[in-house]
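The next block holds one structure in the form of structure tokens; read it before the comments.
The values are calculated or read from the model by the stated rules, or taken from the named source; none is laboratory data. Fair warning: this is a prediction, and the values are worked out from it, not measured in the lab. Cβ atoms come from the backbone with ideal geometry, glycine included; neighbour counts cover every protein chain shown. Areas reflect the complete protein model, heavy atoms only, side chains present, ligands, DNA and RNA absent. Shrake-Rupley method; radii C 1.70, N 1.55, O 1.52, S 1.80 Å.
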Amino acid sequence: MEEVSVDLVVIGSGPAGQKAAIQAAKLGKKVVVVERLPDPGGSCLFSGTIPSKTLREAILDITRFYDRNFCPIDYQIGEMTITSINSRLNKVIDEEKNMVYRQFKKNNIRLIFGSAHFENPRMLILVDADYRLLYQIKSEFFIIASGSNPRNPLNVPFDDEVILDSTRLLKLTKVPKNMIVLGGGIIGSEYASFFSALGTEVTIIDKKEHILPMLDGEIGIQLQTALTDIGLRFLGRKEPEEICRKGDKAYVKFTDGSNLEGEALLYALGRVANVDGMHLENIGIQINEKGYIPVNALFQTIIPTIYAVGDVIGGPSLASTSMEQGRLAALHLCKEETHHFPSLYPIGIYTIPEISSCGYTEEELQRLGFHYEVGRAYYYEIARSHIVGSNTGMFKILFHAETLEILGVHVIGRSATEVIHIGLLAISFHAKINYFIDQVFNYPTFAEGYRVAALNGFNKIKNKYKI
């Protein structure tokens, strides 16, 4: 057993842990990162964000998805499909993994592998898979950034072939002809659209009336229509009662008495904090009723020298927000000037078509009693869409009807997650709708949708208010 003494121990090497460790190291702290997996990167790299987005891009390329708008494509699914996807996925993971190694080395961050257990608020022990003691680490500060895992109820008989969670799904060796997806949240909707684009007959089941109910309602309707157009089916207000495997198929019985079977089933009904075996009880930290570590606005747990960031503390559970949480926690423990986590940030959902938004939804403005107006630009109005074969989508700008200040931006369609940052900046600087009208945008681009939407909204009110 090796004894180690440092200023900071970061548990987990995903996006939150990486940025926390690098920020602290740049401020002069001696940092160790502890990782349970054989390589750094966490679930984000090996089973979450990076694999799912790589899978999406590979499917769009392999199936020539957008070329279908120019000419009929007779795409046949075969063994080469999975082989090509896996080859691309492995290459991306290797490149990202090596980048993490280089960043840690560049910043003199020591990476230690093993499962972490708290002995007390100042000491951590690391053990291997056989519970042999590897390290004893003493530190003044700790940041728990261990991420989350798919929520896997004991009554669901998961395997690696038919009944799957989002991690097991990546091990599929063939493209199923049909698939049941339980859960219409972000993960379920993303994977459902991916396989639907591949030609799989996909049915999403959820207890809610619509998929992704957190979206602006109009954007949600646009998405559901677009998914229906590529063959995806959605059944709302249904809850599973029994899930089992019958031969080579998954079988689901629902509480309303109906049933469904498919070649594959994706169970995507939530995630839970990855804290099993960490012995948080030894330091007095208890997870909350939702299964996450509670923290204050500065990401401190009940013990001020122990912080928690990323998926382990619950929503918004985005890689982007987790990175910033890790950075802010490191700044605070280093006694550097910091600030609370921003209330305004973009959300990206990588369905096909993709969605991104920031600011208020129309439903929120209605509840709050805002006097607002809406500007819209449809992708079929934008030349760039015609060029790349992607006419499905919309820009939606919400702005105050009197002051003209931009209150929310919602984009569905190709490159939505790229162009959303223009809207984010506009809201951050309290820009008015005529800001977009008075600017010149490159042509032909998707971004010019902002100007088209701004003109659409402005024209609705200019006569009424004599602007």
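Taking (1) of a type in the set (Lys, Arg); (2) within 28 Å of Ile387 (Cα to Cα); (3) more than 26 Å from the chain's Cα centre (by Cα) in turn, Lys53 satisfies each apart from (3). From the list Phe113, Phe118, pick out the single residue that is open to solvent by 30 Å² or more (accessible area, probe 1.4 Å) and closer than 21 Å to Ala16 by Cα. Selected residue: Phe113, the only one of Phe113, Phe118 that is open to solvent by 30 Å² or more (accessible area, probe 1.4 Å) and closer than 21 Å to Ala16 by Cα. The residues in region 213-241 that are over 13 Å from Ser356 (Cα atoms), of a type outside the set (A, V, I, L, M) and assigned to a loop (DSSP other than H, G, I, E, B) can be counted, and the count is 5.
Residues that are open to solvent by less than 40 Å² (accessible area, probe 1.4 Å) and of a type in the set (Asp, Glu) are absent from region 418-430 altogether. Please find, within region 334-348, the residue that is farthest from Leu215 (Cα to Cα) out of those that are open to solvent by 60 Å² or more (accessible area, probe 1.4 Å) and modelled with pLDDT under 95. Of everything passing the filter in region 334-348, Glu337 is farthest from Leu215 (Cα to Cα).
Consider region 155-200 and keep the residues that are in contact with a Phe, Trp or Tyr (Cβ under 8 Å, 6 or more places away or on another chain), assigned to a loop (DSSP other than H, G, I, E, B) and of a type in the set (Gly, Ala, Ser). The one that is most open to solvent (accessible area, probe 1.4 Å) is Gly199.
In region 132-153, the residues that are under 21 Å from Met1 (Cα atoms) and open to solvent by 20 Å² or more (accessible area, probe 1.4 Å) reach residues that are modelled with pLDDT of 95 or more and part of a loop (DSSP other than H, G, I, E, B) with C-beta atoms within less than 7 angstrom, at least six apart or across chains, in these pairs: Leu134/Gly114; Tyr135/Gly114; Lys138/Arg122; Glu140/Thr305.
Can you report the number of residues in region 375-406 which are of a type in the set (Lys, Arg) and within 25 Å of the chain's Cα centre (by Cα)?
If we filter region 375-406 for residues that are of a type in the set (Lys, Arg), which is where we start, we get 376, 384, 396.
Of the ones still in play, those that are also within 25 Å of the chain's Cα centre (by Cα) are 396.
Number satisfying all stated conditions: 1.
Based on what the data block shows, is Val9 farther than 27 Å from Gly348 by Cα and in contact with a Lys or Arg (Cβ under 8 Å, 6 or more places away or on another chain)? No.
Would you check if there is a residue in region 393-412 being part of a helix (DSSP H, G or I) and either closer than 27 Å to Leu227 by Cβ or among the polar types (S, T, N, Q) (or both)? Talk me through it step by step, then tell me what you get.
As a first pass, look at region 393-412 and keep what is part of a helix (DSSP H, G or I): none.
Scanning region 393-412 turns up no residue that is part of a helix (DSSP H, G or I) and either closer than 27 Å to Leu227 by Cβ or among the polar types (S, T, N, Q) (or both).
Against the definition (modelled with pLDDT under 95 and within 18 Å of Arg168 (Cα to Cα)), how does Thr200 come out, yes or no? In short, yes.
Quick one: which of Leu45, Leu8 is of a type in the set (A, V, I, L, M, F, W, C) and touching a strand residue (DSSP E or B) at 6+ places or on another chain (Cβ under 7 Å)? So that I can check it myself, show each step before the final result.
Numbers: Leu45 fails: touching a strand residue (DSSP E or B) at 6+ places or on another chain (Cβ under 7 Å).
Of the residues listed, the single one that is of a type in the set (A, V, I, L, M, F, W, C) and touching a strand residue (DSSP E or B) at 6+ places or on another chain (Cβ under 7 Å) is Leu8.
Is it true that Ser166 is without any contact (Cβ under 8 Å) to a residue 60 or more places away in the chain and either farther than 30 Å from Ser193 by Cβ or of a type in the set (S, T, N, Q) (or both)?
Numbers: without any contact (Cβ under 8 Å) to a residue 60 or more places away in the chain: no; either farther than 30 Å from Ser193 by Cβ or of a type in the set (S, T, N, Q) (or both): yes.
Answer is no for this residue.
Among the listed residues Ser415, Ser390, Ser385, which satisfies the condition of being closer than 18 Å to Ser357 by Cβ and among the hydroxyl-bearing types (Ser, Thr, Tyr)? On inspection, the qualifying residue turns out to be Ser415. The single condition among (1) farther than 13 Å from Gly326 by Cβ; (2) polar (S, T, N, Q); (3) buried (at least 19 other Cβ atoms within 10 Å of the Cβ); (4) under 24 Å from the mean Cα position of the chain (by Cα) that Thr81 does not satisfy is (4).
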